Amino acid sequence: LMHSGKKISEERLCEIFFELAEKGAHNINLVTPTQYASQIANVITVAKQRGFSLPFVYNCGGYESAQMLKKLDGLVDIYIPDFKYWYAEDAQKYSNAPDYPVVAKTAVAEMVRQQKTLCYNNDGILTNGVIVRHMLLPEHVYAAKQIIKYLYENYGENIIYSVMSQYTPMKNFEKFPELNRRVSKRAYE
């Protein structure tokens, strides 16, 4: 397992969870955890057996195996997947993953199966649920609308929708000229 760029043991990660709780953390946000999912499941299990009560957040790119996600059932409290692409062609072109739309749909379905309801604590902070993010890309407004439509038709008010506009092109990004600009305010609106 990695923490701040250093390799650590499962036992040390469990200790870090408790240290963060003592410092006032609202949750444990596991960012890009996919490659460590099995180890994370072990650590969360141990932490919960020791009385750890903060929510665990699984913050990922949406390209997750439903089989792997099932191993996290009862362990992860909040899922925050991306839903990047509606079209297989875009997923192939930009991420070399033509199956991304199908995999993301299946992953979100499993996440929502595990966390069906949005729950908040007395301070209004989310403690259980699913937040699906979509970063709007230039020239991809229709695809973004299709993603939001699909999610709403399937999950309605049972998830939180986060449409992001902060896409920033890389310098000298000539390979994909359609992505070589920021998202316009009009497109985002």
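Sites listed here are trypsin sites (Lys or Arg not before Pro) in region 141-189 whose DSSP assignment is loop and whose Cβ has at most 11 other Cβ atoms within 10 Å: 171, 175.
Heavy-atom accessible surface of residue 106, to the nearest 10 Å², is about 70 Å², with a 1.4 Å probe and all protein chains retained.
Taking amide hydrogens as placed 1.01 Å from N in the peptide plane, the amide H of residue 128 sits under 5 Å from those of 119, each at least 5 positions away in sequence or on another chain. Computed per residue of the chain from DSSP H runs no shorter than four, each worth -39500 (n - 2.57), the mean residue ellipticity at 222 nm is -11500 deg cm²/dmol.
How many percent of DSSP beta bridges within the chain run antiparallel, rounded to 5?
Details: 4 of 20 bridges.
Bridges in the chain are about 20 percent antiparallel.
Where the accessible area of region 146-189 is counted over protein heavy atoms with a 1.4 Å probe, how much of it, in %, is carbon and sulfur? Don't skip to the end; give the middle numbers.
Values: 1650 of 3340 Å².
For region 146-189, the apolar C and S fraction of the accessible surface comes to 50 percent.
Using only alpha carbon pairs under 8 Å that are at least six residues apart, calculate the relative contact order of the chain and give it in whole percent.
Numbers: 282 pairs, mean separation 29.1, N = 189.
Worked out over the chain, it gives 15 percent.
Taking a 1.4 Å probe, which of 170, 135 shows the most accessible area, and what order do the others take after it?
Working: 170 125, 135 70 Å².
From most exposed to least exposed: 170, 135.
Along the Cα-to-C-beta direction of residue 121, a point sits 7 Å from the Cα; which residues of region 127-166 have their amide N less than 15 Å from that point? Those under the cut-off are 127-129. DSSP H helices in the chain with Cα extent of 15 Å or more along the helix axis and mean Kyte-Doolittle hydropathy at least -1.0? Span-like helices, by this rule, are 10-22, 37-49, 100-114, 141-155. The candidate values were (i) 15.0; (ii) 10.8; (iii) 12.2; the one computed from these coordinates for mean projected area of the Cα convex hull in nm² carries the label (iii).
Look at the alpha carbon pairs under 8 Å that are at least 6 residues apart: their mean separation over the length of region 78-189 gives a relative contact order of 26 percent. Rolling a 1.4 angstrom probe over the protein heavy atoms with all chains in place gives the chain an accessible area of 57 Å² per residue.
Cross-link reach is defined here as a Cα-Cα straight distance under 24 Å, omitting same-chain residues fewer than 8 places apart; for residue 70 the lysines meeting it are 48, 84, 105, 116.
The values are calculated or read from the model by the stated rules, or taken from the named source; none is laboratory data. Since the model is a prediction, treat every value here as computed from it, not as a measurement. As a convention, Cβ positions derive from the backbone with ideal geometry for all residues, glycine included, and neighbour counts pool all protein chains shown. The accessibility values were calculated without ligands, DNA or RNA, using every heavy atom of the protein model including side chains. Shrake-Rupley method; radii C 1.70, N 1.55, O 1.52, S 1.80 Å.
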